[in-house]
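**Q** Below you will find the structure I want to go over with you.
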Amino acid sequence: MTKNIKITPSRLSGKITVPASKSISHRALICAALAKGRSEIKNLLDCADTKATINILNAFGAKITKEGDITVVEGIQTPSETAIADCFESGSTLRFLIPVAAALGCEAEFHGRAKLPERPITPYFTELTKNGIIFKTKTMPYQISGRLQAGDFSLAGDISSQFISGLLFALPLLNGDSRIIITSPLQSKPYVDITIAELNKFGVEIKETEYGYFVKGDQSYTPQNTVIEADMSQAAFFVVANALGSEIEIEGLNMNSLQGDKAIIDIVKNANGNAFDVDASQIPDLVPILTVLAAFSKGTSHITNCGRLRLKECDRLAVTAAELNKLGARVTENSDSLVIEGVDKIHGGICDSHVDHRIPMSLAIASTRSTEPVTINGAECVSKSYPNFFEDFISLGGIVNEV
């Protein structure tokens, strides 16, 4: 069902606690499922993407349940021989769990919807098939069989760090040591750092090397009790809202977080209302909301090294530019960058989410500097990562009506 909303411009104020980190939630679930025993996860993010990961891990042989506000994970004792894996729209789920199924020797069929079937998994076609896995199909649903063997895995660093993380989950389970060889500069490295931190927490060691990563085989995941910290990617929307004139107290942020998107704090502070230049290669998820910040900054801003955003839930470079321009912003799209000429206000209008959760959230923040209402078609897609975004937006004084 499509949910179209109209936002009447208003400044936001009050206190808010943003949801738990989606990135860490995925990783904690996978590590706990691979540990033989009971793990407890507090503050797990409840959204469409994490539900997809939970459902597939259960299909692999884990048992994941809720006990009050705690997610209980009974790790996989005997892996399932076959599994139907519905990833919904989650690229993380797909790319993390294909190698996990391969390491478990599970004959799995991976399904997805919306734009997910178009998002590439090419590195797995080449690297997993060299190491014992058969892809029966090269289009979704992907059908894999065989058991992954230890060895060398070569990956470009500028496609998606999710492929590296997927291998890091799987390779410690194999009989024998493995190497992940990164053949070009690694983008989104903070996400790999988060993966390694979660692996370490669950007793698995990864060694970073000059060529990439060395992974010792025959390791065992150890059950843990853990708490998921707040999501810096989601906090970024309200950090930018404050920069645009709102007064929101964001509670519970870990300023020592490994999350790369905590960079939003310093970017906003250093810009101080003026134009800025940002290399987004390590912080791609911030690009839509950074574009909103730049749209109201004095001068001309540049957001560079973000061509990979064309392979997200939508072509985020094209969509971010087009939808903000509909409202009166001045955003120019280049092949690998955005150039934004700041304005004082926007005039409102009708926009589309393009079924990408970060687009309506960014447009909602932009509405706080609009002279007229902003209508967003398809705003329900925020359920992918932040189901209660608009409830929180309203609690801060946002005026939202369905249309």
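**Q** Taking loop as defined by DSSP and a crowding limit of 11 other beta carbons within 10 Å, which GluC sites (Glu not before Pro) in the range 235-308 fit?
**A** none
**Q** Which percent of the accessible area of the range 128-208 is formed by carbon and sulfur heavy atoms (probe 1.4 angstrom)?
**A** Answer for the range 128-208: carbon and sulfur cover 47 percent of the accessible area.
**Q** Quick one: what Rg and Dmax do you get for the range 248-403 from the alpha carbons, in Å?
**A** Radius of gyration, then largest Cα-Cα span, for the range 248-403: 14.8, 41 Å.
**Q** Right, something else. Could you check the simple spin-label distance between THR122 and GLU247, using points 7 Å along Cα→Cβ, in nm with one decimal?
**A** With each label placed 7 Å out from Cα toward Cβ, I get 5.2 nm.
**Q** As a test, work out the antiparallel percent of DSSP beta bridges whose residues both lie in the range 303-395, rounded to the nearest 5.
**A** 55 percent
**Q** In debye, nearest 20, what is the charge dipole magnitude of the range 286-353 about its Cα centre with +1 on Lys and Arg Cβ and -1 on Asp and Glu Cβ, if you could check?
**A** Around 100 debye, computed over the range 286-353.
**Q** Listed highest first by mean packing, meaning other Cβ atoms within 10 Å per residue, what order do 176-184, 76-84 come in?
**A** My ranking of the peptides, most packed first, is 176-184, 76-84.
**Q** Something else: Enumerate by residue number the GluC sites (Glu not before Pro) in the range 186-233 meeting two conditions: DSSP loop (anything except H, G, I, E, B), and at most 12 other Cβ atoms within 10 Å of the site's Cβ.
**A** Listed in order of number, the matching sites are GLU205, GLU210.
**Q** Could you pull the accessible area for SER301 with a 1.4 Å probe, rounded to 10 Å²?
**A** Using a 1.4 Å probe on the heavy atoms, I get roughly 0 Å².
**Q** Using Cα pairs under 8 angstrom and six or more residues apart, how large is the relative contact order of the range 1-149, in percent?
**A** 18 percent
**Q** For the chain, what does the accessible surface come to per residue with a 1.4 Å probe? Please give it in Å².
**A** Per residue, the chain has an accessible area of 38 Å².
**Q** Can you give me the Cα centroid spacing of the range 111-186 and the range 65-106 in angstrom?
**A** 16 Å
**Q** Choose one answer from ALA379, ALA329, ALA263: the residue with the largest mean-square fluctuation in a GNM of the chain with alpha-carbon springs under 10 Å.
**A** Top of the fluctuation ranking is ALA263.
**Q** Here's a follow-up. Size of the dipole of the range 31-89 about the Cα centre, Lys and Arg at +1 and Asp and Glu at -1 on the beta carbon, nothing else charged, in debye to 20?
**A** 220 debye
**Q** Given a 10 angstrom Cα cut-off, can you work out which residue in SER21, SER233, SER220 is the most mobile in a GNM of the chain?
**A** Ranking SER21, SER233, SER220 by mean-square fluctuation puts SER220 first.
**Q** Expressed in nm to one decimal, what extension gain is obtained for the pair SER395 and ILE134 from 0.36 nm per residue of sequence separation less their Cα-Cα distance?
**A** 88.9 nm
**Q** Same structure again: Just to be sure I understand: with springs between alpha-carbon atoms less than 10 Å apart, which residue in ALA197, ALA32, ALA20 has the highest mean-square fluctuation in the Gaussian network model of the chain?
**A** ALA197
**Q** For the range 219-307, what is the convex hull volume of the alpha-carbon atoms per residue, in Å³?
**A** Once divided by residue count, the hull of the range 219-307 is 116 Å³.
**Q** I'd like the antiparallel share, as a percent to the nearest 5, of DSSP beta bridges with both residues in the range 61-158.
**A** Antiparallel bridges make up about 70 percent of those DSSP assigns within the range 61-158.
**Q** Hey, any idea what % of the range 275-358's accessible area is carbon plus sulfur with a 1.4 Å probe?
**A** Carbon plus sulfur share of accessible area: 51 percent.
**Q** What accessible surface, in Å², does a 1.4 Å probe find on LEU155, ignoring ligands, DNA and RNA and rounding to the nearest 10?
**A** Approximately 10 Å² of LEU155 is accessible to the 1.4 Å probe.
**Q** Roughly how big is the chain's charge dipole about its Cα centre, with Cβ charges of +1 (Lys, Arg) and -1 (Asp, Glu), in debye to the nearest 20?
**A** About 300 debye.
**Q** At 222 nm, what value in deg cm²/dmol follows for the chain if DSSP H runs of at least 4 each add -39500 (n - 2.57) and the sum is divided by all its residues, to the nearest 500?
**A** -9000 deg cm²/dmol
The values are calculated or read from the model by the stated rules, or taken from the named source; none is laboratory data. This structure is a prediction, so every number in the text was calculated from the model and none was measured. Here Cβ is always computed from backbone atoms with ideal geometry, including for glycine, and neighbour counts include all displayed protein chains. Calculation scope for accessible area: heavy atoms of the full protein, side chains included, ligands and nucleic acids excluded. Shrake-Rupley method; radii C 1.70, N 1.55, O 1.52, S 1.80 Å.
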